[in-house]
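Heads up: the structure comes next, in C-alpha cells.
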Amino acid sequence: MDQQAIDTVIERRASSNRADIRFIRLKEVMAICGKSRSSVYDAIKRGAFPRPVKLQGRSAAWIKSEVEQWAVQCIRASRRDCNS
C-alpha cells in the first residue's frame, strides 16, 4: 500500500458525520496522541490541539474524530519534513 492510499484510509477513519460523533476522555486522548496530560493542555492553550467539549459541570471530553484529524496532520507534517 503506497503512502497516498494510507493517507486516504487514515482520512476516511478520521472524518465523520454528525451521527458518528464519539466523545473520549483524557486517558484515550493521551493514548492516541502520545502526549502527557500537561502537554495536551499546553498544546490546547497554544491553539495547537483540539479543545475539549464541556459536557456537564466539570465534565469534559474530546471529539474523537478531531483528535484523529490532529494525528493525521502530524503524520503529514512529519512525512513532508522527511521528504525535504
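Using 0.36 nm per residue and subtracting the Cα-Cα separation, the extra length available between I32 and Q73 on full extension is 13.4 nm. In plain terms, the residue of L26, L55 with the fewest other Cβ atoms within 10 Å comes first and the most crowded comes last, giving L55, L26. With the convex hull drawn over the C-alpha atoms of segment 3-83, the volume per residue is 102 Å³.
Throughout, read-outs are computed from the coordinates displayed, never taken from laboratory work. Owing to the predicted nature of the structure, the values given are computational and were not obtained by experimental measurement. As a convention, Cβ positions derive from the backbone with ideal geometry for all residues, glycine included, and neighbour counts pool all protein chains shown.
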